[in-house]
Amino acid sequence: MVASQKLSHLLQLADQGPALRAALAEEVAELLVAWPADYPDSMSGIFETLLAKAARDGDAATRTRLRVQLYSDPELAARMLPCESVSQNLVADTRSGALQTALAESLGVETRVTQQILEDESGAALAVACKGAQIDRATFSALALLTRPGRDRACTYAVLDAYDAMPISEATRVLRGWREPATNIHAA
């Protein structure tokens, strides 16, 4: 499909309302990450504008999936995805006791998966989830401390080291697997 036909197709999806916005955003993100050689570079700006609008109109779960999808191009992700206070919200939700639901939404996983992540005493699953969702280290550190306040200092450092050592590509792969309904959390 030539670039103008693809754009026309995507604009038709955009006109069909919010139900298809997530699919639209993900399709445009995929196109921008693997820009076809036969598409003129001058058209990428149009597709970026479409993605930015779809991301703004989408829900938090859609934006999280887009962050994972765009992890290979952080500059594109920074331009396209609205700045959110995910970090502040997660820490506030942890303090208020609503972390499981908020984390599930931020990660784009079912709440049962989030429950398994939070039940992991080692903190490794939380490290993988946060790294895969590109949740910054400071927020991860706060979550690790708030979810296991009795953890001794050596264990806390081990959890932080696990976060630091985890390659983002591997964490993203694992998080994608957790998004599948039949995947077991301990496959990490």
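Binning at 10 angstrom from zero up to the longest distance, how are the C-alpha pair distances of segment 79-178 distributed in percent?
16, 53, 29, 2
Could you sort the peptides 125-135, 30-40, 49-59 by per-residue average Cβ neighbour count (10 Å cutoff), highest mean leading?
Going by the mean number of other Cβ atoms within 10 Å, highest first, we get 125-135, 49-59, 30-40.
Could you state the accessible area per residue of the chain in Å², with a 1.4 Å probe and every protein chain left in place? Show your work: numbers first, answer last.
Details: 9730 Å² over 188 residues.
Accessible area per residue, the chain: 52 Å².
For the chain, I need the span (max minus min coordinate) of the C-alpha atoms along each principal axis, in Å, sorted largest to smallest.
Here the Cα extents, ordered largest to smallest, are 58, 31, 30 Å.
Please give the Cα centre distance for segment 45-121 versus segment 1-33, rounded to the nearest Å.
Measuring centre to centre over Cα atoms gives 20 Å.
What number results when the radius of gyration of segment 1-93, computed over Cα atoms, is divided by 2.2 N^0.38 Å?
Dividing the Cα radius of gyration by 2.2 N^0.38 Å gives 1.11.
Send over the semi-axes of segment 98-142's equivalent ellipsoid, whole angstrom and largest first, taken as the square roots of 5 times the C-alpha gyration tensor eigenvalues. It would help to have the intermediate numbers written out before the result.
On the way: eigenvalues 43, 30, 16 Å².
Value: 15, 12, 9 Å, ordered largest first.
The values are calculated or read from the model by the stated rules, or taken from the named source; none is laboratory data. None of the values given here were measured: they were computed from a predicted structure. FYI the Cβ positions are ideal-geometry reconstructions off the backbone, even for glycines, and counts take in every protein chain you see. Heads up: the accessible areas ignore ligands, DNA and RNA and are worked out on the full protein's heavy atoms, side chains in. Shrake-Rupley method; radii C 1.70, N 1.55, O 1.52, S 1.80 Å.
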